[in-house]
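Working notes, structure below.
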Amino acid sequence: MNIHIRKGFLFAIAAALFICSMLIRFIALSRTEFANGWDGYFYLVQLQSLFQRGSMHSPDFSTIYPIMIVIQWMSGNYELTYKICSAILAGAFTVSMFGVAFRWSRAFWPSLFIGAYTLFSPELTWFAAQYPKNLLGIIFFLLLLGTLKNRKPAPTLILLLLNFFGHRITFVLSGITVLLQFLGRRVKMKFLLITSAALLLIVVAGYLMPGLLNFTDLSRFSNEFSGMPQFAPVSFVNLFGSELVSGCWKFEIILLSVLFVVSAGIQIWFVVQKRANLVLSVFLIVLAVLIFPFFRFTAEGFGFRLFHTFVLLTPLPIVLFEKAINKAFIAVPLMVVAIIGGLFASSSYQPELHDPPYAMYAQVGKTLEKSKHFADAELLIGHKALAEYLTFSTGKDVMPWIPEYAVAREGLWRIATDIRMQELRFYLDVTDLQFVEMLSMRYTLIREDIWQKLLQQIVTKDNDEDLLEELNTWKNPNNIRPKYLSKDRKATQG
């Protein structure tokens, strides 16, 4: 097979992988008429503002938006744009995994198996639904990994810059990777591994022995680390709930966790034998960082995102087993199983379980627009996802924070939840109740100063700690917007 036919053949395989992966994810994402994921309507608010006002609702220079703009211009439907964009990114991820594996190994069958495996991946389906911006950053990171064998630094630096505009997490990962690769070319691999292990031990000691090193002094990241270790795969299943993590998804997480441990062991042996692949060694160090055991594992923490990045990327070390699967009669059956499994595994993503209850939010939005107080509200407070959906569907600004700037008492309202009408009547005066309106069985429109009065009355009247604990959750935002987000003030007001 000459080089031109070979390139054409590889391109055809890549195109087939892209189409299959994209279609599998688009079918999965189309199980709901609404946008997918907990942040779906944040992207659509941005896009809607760009098309209707010519500027973003909140300044954001991510490269995800030019892609969405083109798709929206062609589709004319915001929710469809989100699904198409996420599906395209899933397809691009599959091709990137195939391409990087082939770039590293020059072995066709193992690389094709890695690409085919991503067709099965329940993790990829869920991640594409929830975090398209993050997925784009991972694709840029994969492309950067594919340039690491180049002697010329320009492609790597260009992709590092692209990741700066892609996603912060993968930009940091890209920087770590480039730094490790640079050091690895100038020092012995054994020294690099020992140094990395020593740094890890120093960080761990900083949490176990106060006074040595404490990243928690950084205010923005104070809740991201814990003094107690955790194992991310187990933490994820416990946090999410076993009933929300399908059997296929659990199988994938267990399989890849084992693959990482085995691959790391093999690579350490290669280092001892002085036969280690520098790029793969650097990559395995990065994977170890992604499941750092002292991250505090919460749904909003970056330890949560890093774990999912770990699951997406961990199939790449399969290239270590090149000799074992570099035969068609071994690789093809494995790929057939992966592809057929993908048709079933895509059902691991279930919008009714993994997404917010957007149908309920839609009913709340319709009732809100009919409210006699709707026109008076300059700004509404509501929990995340609900806030983004209502901003998109009603055109009224809703934010999941208490504003850090002054808003007239008559103009600041809240969409509260978990408060019953009999409780409102018990704690509030009749004159206060005229600024309260039930939007549904779960949601209540209430002026913000009346809400704060309600909380105070609960304390002073009978100090009902159980009710306060029930109300003071993420569903009723009670924190002032932090300074690092206040740069969006004008956009939020506008």
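The values are calculated or read from the model by the stated rules, or taken from the named source; none is laboratory data. Quantities reported herein were computed from a predicted structural model and do not represent experimental measurements. A quick note on method: Cβ atoms are made from the backbone with ideal geometry, for glycine too, and the neighbour counts reach across all protein chains shown. To get the accessible areas, we keep the full protein, side chains included, count just its heavy atoms, and leave off ligands, DNA and RNA. Shrake-Rupley method; radii C 1.70, N 1.55, O 1.52, S 1.80 Å.
Centre-to-centre, using Cα atoms only, the range 140-158 and the range 369-397 are separated by 45 Å. The order of Asp464, Asp432 by accessible area, most exposed first and with a 1.4 Å probe, is Asp464, Asp432.
Per residue of the chain, the DSSP helices (runs of n ≥ 4 H) give a summed -39500 (n - 2.57) that works out to -20000 deg cm²/dmol at 222 nm.
Size of the range 349-404 from its Cα atoms: along the principal axes, largest to smallest, the extents are 39, 28, 12 Å.
Considering every Cα-Cα pair within the range 404-464, what fraction, in whole percent, is farther apart than 20 Å? Show your work: numbers first, answer last.
Numbers: 425 of 1830 pairs.
Here the long-distance tail beyond 20 Å is 23 percent of all Cα pairs in the range 404-464.
Stretching Lys483 away from Ala408 to a fully extended chain increases their span by 24.9 nm, per 0.36 nm per residue minus the current alpha-carbon distance. Can you classify the range 351-494 as rounded, prolate or oblate using the Cα gyration tensor, where a ≥ b ≥ c are the square roots of its eigenvalues, rounded means a/c under 1.5, and otherwise it's prolate if a/b beats b/c and oblate if not? Taking the square roots of the gyration eigenvalues as a ≥ b ≥ c, the range 351-494 is rounded.
Loop by DSSP (not H, G, I, E, B), at most 16 other beta-carbon atoms within 10 Å: where is the longest site-free stretch of the chain for trypsin sites (Lys or Arg not before Pro)?
So the longest stretch without any such site is 189-273.
Here Glu448 sits with roughly 10 square angstrom of accessible surface, probe radius 1.4 Å.
Each Lys and Arg adds +1 at its Cβ and each Asp and Glu adds -1 at its Cβ; summed about the Cα centre, the range 359-444 shows a dipole of about 300 debye. A straight line joining the Cα centroids of the range 12-52 and the range 224-256 runs 25 Å.
Just the protein heavy atoms count here, and of the accessible area of the chain at 1.4 Å, carbon and sulfur take up 66 percent.
Note that the range 371-447 presents 41 Å² accessible area per residue, ligands and nucleic acids not counted, probe 1.4 Å. Per-residue extension of 0.36 nm, minus the Cα-Cα distance of Asp418 and Leu455, leaves a gain of 12.0 nm for this segment. Each principal axis of the range 10-135 carries a Cα extent, and these read 50, 29, 23 Å when sorted largest first. What you get for the chain, charging only the Cβ of Lys and Arg (+1) and of Asp and Glu (-1), is a dipole of about 2900 debye around the Cα centre. For the chain, the relative contact order comes to 17 percent (Cα pairs under 8 Å, sequence separation of at least 6).
With each label modelled as a point 7 angstrom along the Cα→C-beta vector, the Leu161-Leu239 pair spans 3.5 nm.
Report the far tail of the P(r) of the chain, meaning the percent of Cα-Cα pairs longer than 28 Å.
Everything past 28 Å amounts to 59 percent.
State the extension gain, in nm to one decimal, for the chain segment bounded by Ala16 and Glu465, taking 0.36 nm per residue of separation less the distance between their alpha-carbons.
155.7 nm
Calculate the tail of P(r) for the range 123-165: the fraction of all Cα-Cα distances greater than 11 Å, expressed in %. For the range 123-165, the fraction of Cα-Cα distances above 11 Å is 63 percent.
Taking 1 over the mean of 1/r across every pair of different Cα atoms in the range 74-168, what Kirkwood radius in Å do you get? It is 14.2 Å.
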